[in-house]
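The structure under discussion appears below in the form of structure tokens.
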Amino acid sequence: MTKTTTLENVINAVRQDSINHFDEVMPVHEMEFDSLKQMSISGKQVDVAPTAQRLLSNRLRVPYSYLSRCPTDLQASNLNFWIEQERQRRDTFFCRFDGSTLRAVFTERYKPLDNMEILSQLIEQGFNHNLKVQYSLDHGMFLLKIPEFEKAFGVNSGNGFFDEVVPGIAFSNSEVGLIAFSIESFFYRLVCTNGLISVAKAKTARFKHISSRGLDNFPEALSAVIEGSSRNQEDFKLSCQSHVDDPFNSIDVFSRRFGLSQNEADIVKQSFEQEPGNTLFHIINAFTASAKVEGLATADVYKFEKAGGQILSLVKS
């Protein structure tokens, strides 16, 4: 769930969330599974978080959907057989822990970029501790959005309504491998507090966790995204003029195109019914409004808002 607070409060929340985090390079030959959810590493019992379960399943080439349905003894048998094969290929894994819980497993090619490092960069770039921001944080992903209210612009969304849209910057990161670190344009619709992660004409900076480029190029990437966000404003205005014949069919088409499940498409349709209309603007709004549904993981919030940005990118000038 997205919260609105100050940058200082976000820093405190991230610091508290990571208080028990640590990393170790662990020998593969000292890993043994009791089940998908529990294993022994160097003689110590550890719980395996869902993120690490999926990473291990992918690494050992055993489908997670299959493993998760197996009884625990069959899970252990499968995983221990394949970890034995993995020992023939590598000696170690880079492991990320939260206390006694394994939260992620990577090869040593992985270069960690923690959420606190991103926040430290923002302070170094002159962002004020008291700045009003929006954020979402859980075990899988961190999403921080900084609206620039002084740059707000108007959009006539039809039916007599005149919307005010605030541009800004979004920072997304996953310490457990869900996504790369990204700096992207962000747009915030004031009347309904919907957010949109733009992939349209503004530049996006994305850095995989295999080098230090994300931190090394932080100032340049940040400047490029800020400069490019103004190019999206015209697209919002054009989306209000783009007629849609069958909104529900359009939602289905866009959902499939941008990787949403049928259940997620149904959520978008429910959001659309709260503010229906026959323009592309209303379709985009339905996707971004879905990001406010209670109980969503941060990755799902990002998925809905990013889908809205991907639809905006299709607007023809």
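Descriptive notes on the structure:
Quick grid of which residues meet (1) of a type in the set (D, E); (2) touching a strand residue (DSSP E or B) at 6+ places or on another chain (Cβ under 9 Å); (3) over 25 Å from D23 (Cβ atoms):
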| position | (1), (2), (3) |
| --- | --- |
| V46 | no, yes, no |
| C70 | no, no, yes |
| Q75 | no, yes, yes |
| L79 | no, yes, no |
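- Yes/no for E150 being free of Cβ contacts under 8 Å to residues at least 40 places away in the same chain and charged (D, E, K, R): yes
- Tally of residues being closer than 22 Å to D138 by Cβ and surrounded by fewer than 16 Cβ atoms within 10 Å (Cβ to Cβ) across the range 66-100: 3
- All positions within the range 11-27 that are of a type in the set (A, V, I, L, M) and out of contact with any helix residue (DSSP H, G or I) (no Cβ under 6 Å at 6 or more places or on another chain): A13, I19, V25, M26
- Every listed requirement among (1) of a type in the set (A, V, I, L, M); (2) closer than 17 Å to V155 by Cα; (3) without any contact (Cβ under 8 Å) to a residue 40 or more places away in the chain is met by L280 save one, (3).
- Here E164 meets each of (1) in the same structural domain as H243 (by TED's automatic domain parsing); (2) among the acidic types (D, E); (3) part of a helix (DSSP H, G or I) with one exception, condition (3).
- When H29 is tested against (1) surrounded by fewer than 19 Cβ atoms within 10 Å (Cβ to Cβ); (2) part of a strand (DSSP E or B), just one condition goes unmet, and that condition is (2).
Let's see how each residue does on (1) within 30 Å of S120 (Cα to Cα); (2) in a helix (DSSP H, G or I):
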position: V25; (1), (2): yes, no
position: S35; (1), (2): no, no
position: S40; (1), (2): no, no
position: A52; (1), (2): yes, yes
position: S57; (1), (2): no, yes
position: Q75; (1), (2): no, yes
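- Condition met for K237 (part of a helix (DSSP H, G or I) and either over 30 Å from E117 (Cβ atoms) or free of Cβ contacts under 8 Å to residues at least 40 places away in the same chain (or both)): yes
Rundown of residues vs (1) exposed (fewer than 14 other Cβ atoms within 10 Å of the Cβ); (2) in the same structural domain as D98 (by TED's automatic domain parsing); (3) of a type outside the set (A, V, I, L, M), yes/no style:
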residue: V14; (1), (2), (3): no, no, no
residue: S35; (1), (2), (3): no, yes, yes
residue: M39; (1), (2), (3): no, yes, no
residue: D47; (1), (2), (3): no, yes, yes
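- Among (1) buried (at least 16 other Cβ atoms within 10 Å of the Cβ); (2) out of contact with any Ser or Thr (no Cβ under 9 Å at 6 or more places or on another chain); (3) at pLDDT 75 or above, the one test that D235 misses: (2)
- Some residue of the range 252-270 being part of a helix (DSSP H, G or I), crowded, with 18+ Cβ neighbours inside 10 Å, among the acidic types (D, E) and touching a residue at least 40 places away in the same chain (Cβ under 8 Å): yes
The values are calculated or read from the model by the stated rules, or taken from the named source; none is laboratory data. Because the structure is predicted, anything quoted here is derived from the model rather than measured. Reconstructed Cβ throughout: ideal geometry from the backbone, glycine too, with neighbour counts over all protein chains shown.
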